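Here the structure is laid out as structure tokens; the discussion comes afterwards.
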Amino acid sequence: MTSPLLSAKDVSRSYVAGRAGWFRRVPRFRAVDGVSLHVNRGETVGIVGESGCGKSTLARLLLALARTETGTVTFDDIDLSGLSTAEWRALRARMQCVFQDTGASLDPRLTIRTQVREPLAIHRRPDPAARTQAVLEMVRLGAHLWDRYPHELSGGQVQRVILARALALGPDLLVLDEPVSALDVSIQAQIVNLLKDLQEELGLAYVFVSHDLGVVRHIADRVYVMYLGQVVEHAPKADFFANPRHPYSAALLAAIPAADPEALPKRAVITGDLPSPLAPPTGCRFHPRCPHAIARCAAEPPVLRRLGEHEVACHRSEDINPVALVPRHIAAKREFA
Ligand code: ADP
Ligand code: MG
């Protein structure tokens, strides 16, 4: 078996909350806390969880856009920490990112063609004009748009340009952070289908970060669920969606507006909101919101353990069906739509 394309082992990153003063110690909190994951060549890994659970921070760690405090990230067996500038630059061409804020990713003063060509010039690639044209065709952007400016394009077209630019250097991996969250549902479907086509044509691997499980269901091969900076479940897509093993996963799934709203039974059991990452709950971080919590859950942090096709961090994963009891206040939230 070949080693994964991208591999993170026990990575963490903390931030300071607020500013320091003369007599004030600045509290630090871990936005990502001991996460391990891997991405194989040509596959799509979904990273899901509520807003604020550390998905974007993790995406930045995977690309070495932020420094890890613990753990290591390797790409093609190369440790991303401690690379020279030249090594880093060569590797950068192979792992590209696409971030959420579609508007801010492009320069309003430059034409589409110029912007897609930019990375090719920086990396001194041969025949940049032909390559620019090729990638603009790959993302199915009509030639009549190539000499326009970003403001003359629709949201979906802008996202195609950003994708073309990310593809220009011929990467093996794209890290996509909420790539379609700002788009209308019909446009989302077009971009997701384009991503799937490109994956098939080019053999790309994707890390697809999204709070939207409905979208992840269409594209991911495997899913990682994050809660307050930690992975609480990891499973192949089919197993995850058919049979979530963590109560938090079950709650996220129940929040997807389904064609059949009765598909997942829901019962109100608990109240409370996402706890502050500054003071994460003891034991299992989900326990204050969990309908299945027992005394042990408040006392002892669960570790990620294998359970069939799943990996789950839950003390009760062997003796409960998490789908049977879903915390209603999470299920009721439609922000996962
Ligand atoms: P997500 O992408 O899942 O919404 P983020 O990774 O953006 O989560 O954020 C995780 C936590 O880290 C949040 O509490 C957020 O407020 C905090 N955070 C993110 N970036 C910074 C930063 N640069 N400085 C301080 N706190 C940050
Ligand atoms: Mg984010």
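The values are calculated or read from the model by the stated rules, or taken from the named source; none is laboratory data. Every value quoted in this text rests on a predicted model; they were computed, and no experiment measured them. Here the Cβ positions follow ideal geometry from the backbone for every residue, glycine too, while neighbour counts run over all protein chains shown. To get the accessible areas, we keep the full protein, side chains included, count just its heavy atoms, and leave off ligands, DNA and RNA. Shrake-Rupley method; radii C 1.70, N 1.55, O 1.52, S 1.80 Å.
Go through segment 229-265 and give me each residue that's over 19 Å from ILE320 (Cβ atoms), at pLDDT below 90 and of a type outside the set (A, V, I, L, M, F, W, C). PRO257, ASP260, PRO261, GLU262 - these are the residues of segment 229-265 that are over 19 Å from ILE320 (Cβ atoms), at pLDDT below 90 and of a type outside the set (A, V, I, L, M, F, W, C). It is to be established whether one or more residues within segment 86-102 are loosely packed, with under 15 Cβ neighbours inside 10 Å and under 22 Å from PRO179 (Cα atoms). Yes. Restricting attention to segment 104-128, the residues being open to solvent by 30 Å² or more (accessible area, probe 1.4 Å), in contact (Cβ under 8 Å) with a residue 24 or more places away in the chain and part of a loop (DSSP other than H, G, I, E, B) number 6.
For segment 30-70, residues that are in a strand (DSSP E or B), closer than 23 Å to PRO244 by Cβ and either more than 12 Å from ligand 1 (Cβ to nearest atom) or of a type in the set (Lys, Arg) (or both) total 8.
Only one of ARG222, ARG148, ARG160 is of a type in the set (Lys, Arg) and touching an Asp or Glu at 6+ places or on another chain (Cβ under 8 Å); which? Before you say what the answer is, go through the steps one by one.
On the way: ARG148 fails: touching an Asp or Glu at 6+ places or on another chain (Cβ under 8 Å); ARG160 fails: touching an Asp or Glu at 6+ places or on another chain (Cβ under 8 Å).
When all the criteria are applied, what remains is ARG222.
Give the residues of segment 23-35 that are in contact with a Leu (Cβ under 8 Å, 6 or more places away or on another chain), surrounded by 16 or more Cβ atoms within 10 Å (Cβ to Cβ) and of a type outside the set (A, V, I, L, M), sorted by residue number. If the condition is that a residue be in contact with a Leu (Cβ under 8 Å, 6 or more places away or on another chain), surrounded by 16 or more Cβ atoms within 10 Å (Cβ to Cβ) and of a type outside the set (A, V, I, L, M), then PHE29, ASP33 are the ones that fit.
Can you say whether SER14 is outside any loop (DSSP other than H, G, I, E, B), within 22 Å of SER249 (Cβ to Cβ) and among the hydroxyl-bearing types (Ser, Thr, Tyr), as far as the supplied structure shows? Full working, then the answer.
Working: outside any loop (DSSP other than H, G, I, E, B): yes; within 22 Å of SER249 (Cβ to Cβ): no; among the hydroxyl-bearing types (Ser, Thr, Tyr): yes.
For SER14, the condition - outside any loop (DSSP other than H, G, I, E, B), within 22 Å of SER249 (Cβ to Cβ) and among the hydroxyl-bearing types (Ser, Thr, Tyr) - is not met.
Taking the conditions (1) more than 21 Å from ARG94 (Cβ to Cβ); (2) away from ligand 2 (no atom under 16 Å from the Cβ); (3) among the polar types (S, T, N, Q) in turn, GLN199 satisfies each one other than (1). What are the residues in segment 129-144 that are surrounded by fewer than 15 Cβ atoms within 10 Å (Cβ to Cβ) and part of a helix (DSSP H, G or I), if any? Listed by number, the residues that qualify are ALA129, ALA130, ALA134, GLU137, ALA143, HIS144.
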